[in-house]
Every structure is written in structure tokens, then in C-alpha cells.
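In what follows, a structure is listed as C-alpha cells, so that the remarks can point back to it.
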Amino acid sequence: MSNYGKAFALMRDAAAGPWRDYTRHAFVEGMKDGTLPREAFLHYLRQDYVFLIHFSRAWALAVVKSETHEEMLAASRTVNGLISEEMKLHIGICEAEGISQAELFATPERHENLAYTRFVLEAGYSGDLLDLLAALVPCVMGYGEIGTRLSAEATSEAYRGWIDTYAGEDYQGACVAFGELLDQALTRRIGADFQGSPRWDRLCQTFRKATELEVDFWQMGLTP
Ligand SMILES: Cc1ncc(C[n+]2csc(CCO)c2C)c(N)n1
């Protein structure tokens, strides 16, 4: 099992059912054994490009909601990584498949996509950094767990590039760093015994909802 910090492990255990549905979704299992149709994967990638635009905005909001230089650094590094690396990766894969950047940018946004990204942004607009981070945790850590498991269990080379990105040292290091950021942000604002505070349940609810929205995002991927 991954070691992405104390708060993540507690939040995941409090939402065990949705977490399993997310990290073991049929879309994920299809990447594992190579049975996921290419059309579904490209449809997912197009939607994910739009998703990343809004996630970059959410991470930029995390800079706004930061209270320390360390928090600002972590959030701004993620904004930069998203825009200069992850989005570029999508552009590259799509171009190789004959989907132009203009076409990618013009992708009509599916409502499952809109629901998830605006939920995360709203958590940040109306709350503090903790509310925003709780909504961001499933996205970051879920892909970390999926990448690690698929890297060990994949029986097909079809989605090896995608798997390697999330199983790789760089991404896994980012998950560990994010876990530390989350634990420190909670300790700073609530105290070391954060799981005993009244706020904790609400943060776990936000985590659960974001996890359910990840499940819907995979399901959308299966229905181009
Ligand atoms: C639907 C969906 N969920 C999660 C990710 C993964 N992801 C999104 S932003 C980011 C960087 C840090 O937040 C990572 C790893 C994705 N691409 N698409």
C-alpha cells in the first residue's frame, strides 16, 4: 500500500467503497489488460485536457489560499508542472493520433467533467486551503496508486506510456511531497490531532465527493 502520509490514509479509509470503485474502475482494468478501446482512451484524453485547464486554475487558487512560503512554493510548482508538462503530454499524445491542438482546445466539455472541476474550485472559493486540498487529494493520490498497481500487474503494453508516467519516480515523489504538504497544512491550522477536530468530518466528506466524481469521470471515458 502507498505511503502518501497520515491524512490521506485516514481519508481513504473513511471512503473505502468509493475509493475502490475509483482505483479499480473498468476503465482502469481495461488499461491494465489492454482491452480498453483506443477510441475511449482518446475521448478520455480530450476531456482530460479540459479537466487540466480547470485543475491548473484550482492549483493557482491554492497559491492564493496559502499561508506560508512553503505552501506557495508547493502549489506554484504544481501549477507550472500541470501547464508546462502534463498538458503538453496530452497535446503530444493527441497530435500523434491525428488530433490537432486546436481541436483539443475546442473539445466540448462533458457535464461529468464540469461537475468535478467546478466542485473542486468551489471548495477552494468558499473555504480555506484545507477545503481545497481535501478536494484535490483523490486526483493526485488516486493516479499514484493506480500507476503503481498497473505497473506491477499490467498484462499488455497498450497503455504502458500512461502507466509509466504515474508509476514513475517523479510522479511518485510528487505524491509523497503532496502528502507531507497536506499533513503540515492540517497541523498548522487545526493541530497535530487534526482527526479529532469537528472540521475533520467535513474534509472527509469533500474527499469522498471528489472520489465519487473521479468514478463518474472514468465512466464518462467509457461512453464517448
Ligand atoms: C480525471 C483526472 N484525475 C486525475 C488526474 C491526475 N492529475 C490531475 S492534475 C494532476 C497534478 C496535480 O494535481 C494530476 C496528477 C487526471 N489527469 N485526470
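The values are calculated or read from the model by the stated rules, or taken from the named source; none is laboratory data. From a predicted model like this one, the values you see are computed outputs, not experimental measurements. Virtual Cβ from ideal backbone geometry, glycine too; neighbours counted across all protein chains shown. Quick note on the areas: whole protein, heavy atoms, side chains included, nothing else; ligands and nucleic acids left out. Shrake-Rupley method; radii C 1.70, N 1.55, O 1.52, S 1.80 Å.
Do any residues in segment 116-139 that are within 16 Å of F8 (Cβ to Cβ) have Cβ atoms under 8 Å from those of residues that are at pLDDT 95 or above and not in a helix (DSSP H, G or I), where the two are at least six apart or on different chains, and which pairs are they?
Close Cβ pairs satisfying both conditions: L129/K65; L129/S66; L129/E67; L130/I190; L132/K65.
With the requirement that a residue be more than 17 Å from V137 (Cα to Cα), open to solvent by 30 Å² or more (accessible area, probe 1.4 Å) and in a loop (DSSP other than H, G, I, E, B), what does segment 35-81 give you?
Across segment 35-81, the qualifying residues are T35, P37, E67, T68.
Between residues in segment 141-159 that are in contact (Cβ under 8 Å) with a residue 40 or more places away in the chain and residues that are open to solvent by 50 Å² or more (accessible area, probe 1.4 Å) and among the β-branched types (V, I, T), which pairs lie under 9 Å by C-beta distance while being six or more apart or on different chains?
Every condition considered, the pairs that remain are G144/V176; S156/T35; A158/T35.
Would you mention how many residues in segment 55-77 are over 15 Å from L181 (Cβ atoms) and among the basic types (K, R)?
1
Hey, G124 hits all of (1) more than 13 Å from the ligand (Cβ to nearest atom); (2) touching a helix residue (DSSP H, G or I) at 6+ places or on another chain (Cβ under 7 Å) but one; which does it fall short on?
(1) is the only condition that G124 fails.
The conditions are (1) within 12 Å of the ligand (Cβ to nearest atom); (2) closer than 23 Å to M220 by Cβ; (3) surrounded by fewer than 18 Cβ atoms within 10 Å (Cβ to Cβ), and E85 fails exactly one of them. Which is it?
With (1) within 12 Å of the ligand (Cβ to nearest atom); (2) closer than 23 Å to M220 by Cβ; (3) surrounded by fewer than 18 Cβ atoms within 10 Å (Cβ to Cβ) applied to E85, the lone miss is (2).
Open to solvent by less than 20 Å² (accessible area, probe 1.4 Å), hydroxyl-bearing (S, T, Y), closer than 26 Å to R77 by Cα and within 15 Å of the ligand (Cβ to nearest atom), is that true of T148?
no
Look at segment 79-92 and say how many of its residues are touching a residue at least 40 places away in the same chain (Cβ under 8 Å) and among the β-branched types (V, I, T).
1
Within segment 91-128, how many residues turn out to be over 23 Å from K65 (Cα atoms), over 15 Å from the mean Cα position of the chain (by Cα) and assigned to a helix (DSSP H, G or I)?
12
Please verify whether F51 is under 30 Å from D201 (Cβ atoms), within 12 Å of the ligand (Cβ to nearest atom) and out of contact with any Phe, Trp or Tyr (no Cβ under 8 Å at 6 or more places or on another chain), treating the condition exactly as stated.
For F51, the condition - under 30 Å from D201 (Cβ atoms), within 12 Å of the ligand (Cβ to nearest atom) and out of contact with any Phe, Trp or Tyr (no Cβ under 8 Å at 6 or more places or on another chain) - is not met.
Which of the numbered conditions does V120 fail, given that it passes all the others? Conditions: (1) modelled with pLDDT of 95 or more; (2) surrounded by fewer than 14 Cβ atoms within 10 Å (Cβ to Cβ); (3) closer than 18 Å to R57 by Cα.
Failed condition: (2).
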